[in-house]
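In what follows, a structure is listed as structure tokens, so that the remarks can point back to it.
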Amino acid sequence: MAINNVLVVYANPKNNVEKSTLELVKRILKKYKINYKTEHRSKLSKKLFRNKDLVIAVGGDGTFLRASHFIFDKTPVLGVNSDPVYKEGFFMAAVKKDFEIKFKKNFFIFIVLIRIVPPQLLSKIFITLSFIYFCYFV
């Protein structure tokens, strides 16, 4: 699968590390002559995600999850943790220092877990709080 059309979703960069991570992602996409569009995560719409070969979420887990809400086909998402010192990045497969390597050599690994394991309806949700069990039926 060729990567020709990419959407880069980003969070507001809060510091120079986050700014430089976003700029690096754009620079790498330009280097490989890949068409891309950038959009802030607060301005997303279904239309932006049409006909994309890849979505790159630059930020933290919130940015990744926000972008995933607009994908209804098998478009893969690559998460890039913009600041690993301050962001958990559980869903993020790359950081600034390894983005190019992972993007170039291992693109097929970045299929989102949500796409591999289809969403399932939960019939019950259990919460433990101070050893008291709560059950909410959906």
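The residue that is modelled with the lowest pLDDT, counting only those in the range 76-103 that are farther than 11 Å from Val58 by Cα, assigned to a helix (DSSP H, G or I) and among the charged types (D, E, K, R), is Lys102. Listed conditions (1) assigned to a loop (DSSP other than H, G, I, E, B); (2) of a type in the set (Ser, Thr, Tyr); (3) modelled with pLDDT under 85 are all met by Thr128, apart from (1).
Among the conditions (1) surrounded by fewer than 16 Cβ atoms within 10 Å (Cβ to Cβ); (2) over 18 Å from Lys102 (Cβ atoms), Glu18 misses just one, which is (1).
Only one of Leu65, Leu121 is modelled with pLDDT of 90 or more and among the aliphatic types (A, V, I, L, M); which?
Numbers: Leu121 fails: modelled with pLDDT of 90 or more.
Selected residue: Leu65, the only one of Leu65, Leu121 that is modelled with pLDDT of 90 or more and among the aliphatic types (A, V, I, L, M).
Looking only at the range 91-99, decide whether some residue is β-branched (Val, Ile, Thr), in contact with a Phe, Trp or Tyr (Cβ under 6 Å, 6 or more places away or on another chain) and farther than 18 Å from Asn4 by Cβ. No, every residue in the range 91-99 fails to be β-branched (Val, Ile, Thr), in contact with a Phe, Trp or Tyr (Cβ under 6 Å, 6 or more places away or on another chain) and farther than 18 Å from Asn4 by Cβ. Just so you know, in the range 43-73 the residues that are loosely packed, with under 14 Cβ neighbours inside 10 Å and more than 14 Å from the chain's Cα centre (by Cα) include one that is farthest from Asn4 (Cα to Cα), and it is Lys43.
So is Lys52 part of a loop (DSSP other than H, G, I, E, B), touching a Leu at 6+ places or on another chain (Cβ under 6 Å) and among the charged types (D, E, K, R) or not? Before the answer, list the steps.
On the way: part of a loop (DSSP other than H, G, I, E, B): yes; touching a Leu at 6+ places or on another chain (Cβ under 6 Å): yes; among the charged types (D, E, K, R): yes.
So Lys52 fits the description; yes.
Looking across Glu18, Glu23, Glu39, one residue alone is outside any loop (DSSP other than H, G, I, E, B), of a type in the set (D, E, K, R) and in contact with an Asp or Glu (Cβ under 9 Å, 6 or more places away or on another chain). It is Glu18.
Is it the case that some residue within the range 30-45 is in contact (Cβ under 8 Å) with a residue 40 or more places away in the chain and among the aliphatic types (A, V, I, L, M)? There is no residue in the range 30-45 that is in contact (Cβ under 8 Å) with a residue 40 or more places away in the chain and among the aliphatic types (A, V, I, L, M).
Scanning the range 8-29 for residues being within 19 Å of Phe70 (Cα to Cα) and touching a residue at least 60 places away in the same chain (Cβ under 8 Å) gives a total of 2.
The values are calculated or read from the model by the stated rules, or taken from the named source; none is laboratory data. Owing to the predicted nature of the structure, the values given are computational and were not obtained by experimental measurement. Neighbour counts are summed over all protein chains in view; Cβ atoms, including those assigned to glycine, are modelled from backbone coordinates with ideal geometry.
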